[in-house]
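Visitor: Take this structure, written in structure tokens, and hold onto it; I'll ask about it next.
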Amino acid sequence: MSENKIVKAIKEKSKDLEVEMSFFDHIEVLRWHLIRSSIAIIIFSCVAYYYYDYIFDHVIMGPTHTSFWTYSTMCKLGEYFHRSGWCIDSLNVKLMNNELAGQFTLQLNSSLLLGLTLGIPYLLFELWRFIKPALHENERKAASGFVVYASGLFILGVLFGYFIITPLSMRFLVGFQVSASIENLYTVDNYLASVATLTLATGIVFQLPIIIYILASLGILTASFMRNTRRYAIVAILVIAAVVTPTPDAITMSVVAIPLFVLYEVGIMVAARIDKRKLKKHDELMRTKS
């Protein structure tokens, strides 16, 4: 009897070891996916570092130039709608460095941020490769376009943040003064952090349809709930647009609010599609039981 207990204990221990090995094997696989992603980000960062002179003048400092695409487009639209205040003659942006290694860290940090931004689509691809083997065949088909959709929405969000939200916010904040006796001087770190936050945050916000897809798949969110709370979502979107573009101009605020409305409506369609799929599976299950 005691020998049977010992044999049983050994078998249970071996099963535990197999589970532990399986867990550590998964950790090892994930580690290599993350290593490859890190290598890709480092490569993009090195490319950005090599071409930094052009990137700094035309990309990082682009929103401070009156010739920037957004400002020239606003001026043309202002002429069409007879709004002279839309043209920008000058942007008084004075950057200063108050640290010994400030300019070196600026180049290093901004190169890493650019590398991260360019490397996120590849990071999503590696994460998909890690998750894919654990999914069933129907789940793989349902999520087959995850990398394309998530990467496309992220890139679209970054471009929207860089070409729309960043220049509109900068236009207001640079020209805002509590008193004429106070001169606006900005550190290079503060400027870089502001541009990076506005662009990357918008890229993350544009992942809203993907987040809704995941929540709807888990049963946490439904299309009917989103339709019923649409009025509250509209108020929240208008508040976000007002904060991002703190200006009394309704047209300028609408430029930011409309894409957010569109993302919310796309999210409703995504959730409705998930609801229909779940209802279809439920009906098939009930028919097989009957």
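Any read-out appearing in this document is the output of simple, stated calculations on the displayed coordinates, not a laboratory observation. These figures come from a predicted structure and were not determined experimentally. Note: ideal-geometry Cβ built from the backbone for every residue, glycine included; neighbour counts use all protein chains shown.
Visitor: Over the range 170-264, consider all pairs of different Cα atoms and compute the Kirkwood hydrodynamic radius from their mean reciprocal separation; express it in Å, one decimal. It would help to have the intermediate numbers written out before the result.
Guide: Values: mean 1/r = 0.0629 Å⁻¹.
That comes to 15.9 Å for the range 170-264.
Visitor: Hey, what D do you get for the range 94-179 in µm²/s if you plug the Kirkwood alpha-carbon radius into Stokes-Einstein at 4 °C and 1.567 mPa s? Don't skip to the end; give the middle numbers.
Guide: Details: Rh = 16.5 Å.
Roughly 78 µm²/s, to the nearest whole number.
Visitor: Would you list Thr288, Thr229 from fewest to most Cβ contacts within 10 Å? It would help to have the intermediate numbers written out before the result.
Guide: Values: Thr288 7, Thr229 12.
Neighbour counts put them in this order, fewest first: Thr288, Thr229.
Visitor: What longest range of the chain stays clear of loop-exposed GluC sites (Glu not before Pro) (DSSP non-H/G/I/E/B, at most 13 other C-beta within 10 angstrom)?
Guide: Values: sites that count: Glu99, Glu183.
The answer is 184-290.
Visitor: Using only Cα atoms, what is the ratio of the radius of gyration of the chain to 2.2 N^0.38 Å?
Guide: Numbers: Rg = 25.7 Å, N = 290, 2.2 N^0.38 = 19.0 Å.
Taking N as the residue count of the chain, the ratio is 1.36.
Visitor: What is the sum of charges, Lys and Arg at +1 and Asp and Glu at -1, for the other residues whose Cβ falls under 14 Å from the Cβ of Asn184? Each step should come with its number before you reach the end.
Guide: On the way: positive: Lys94, Arg171; negative: Glu183.
Local net charge: +1.
Visitor: Under the Karplus relation 6.51 cos²θ - 1.76 cosθ + 1.60, θ = phi - 60°, what is the ordered set of whole-Hz ³J(HN,Hα) values for the range 55-64, x standing for Gly and Pro?
Guide: For the range 55-64, the Karplus-derived couplings read 4, 5, 6, 9, 9, 5, 8, x, x, 8 Hz, x marking Gly and Pro.
Visitor: Go through the range 117-123 residue by residue and turn each phi into a ³J(HN,Hα) via Karplus (6.51, -1.76, 1.60, θ = phi - 60°); whole Hz please, and just put x for glycine and proline.
Guide: These are the phi-based 3J(HN,Hα) values: 4, 6, x, 4, x, 5, 4 Hz.
Visitor: What does the charge dipole of the chain about its Cα centre add up to, to the nearest 20 debye, if the Cβ of each Lys and Arg holds +1 and the Cβ of each Asp and Glu holds -1?
Guide: The dipole of the chain has a size of about 1500 debye.
Visitor: May I ask you to list the trypsin sites (Lys or Arg not before Pro) in the range 58-110 that are in a DSSP loop and have at most 11 other Cβ atoms within 10 Å of their Cβ? Spell out each step's value before the answer.
Guide: Working: sites: Lys76, Arg83, Lys94; in loops: Arg83, Lys94.
Answer in residue order: Lys94.
Visitor: Let me ask something additional. Any chance you could list the semi-axes, whole Å, largest first, of the equivalent ellipsoid that the Cα gyration tensor gives for the range 129-179, using √(5λ)? Working shown, then result.
Guide: Values: eigenvalues 364, 18, 9 Å².
That gives 43, 10, 7 Å for the three semi-axes.
Visitor: Can you pull out the cysteines in the chain that have no other Cys Cβ under 4.7 Å?
Guide: Singleton cysteines: Cys46.
Visitor: Number of Lys-Lys pairs in the chain under 27 Å by Cα, sequence gap 8 or more or different chains?
Guide: Going through the chain pair by pair, I get 18.
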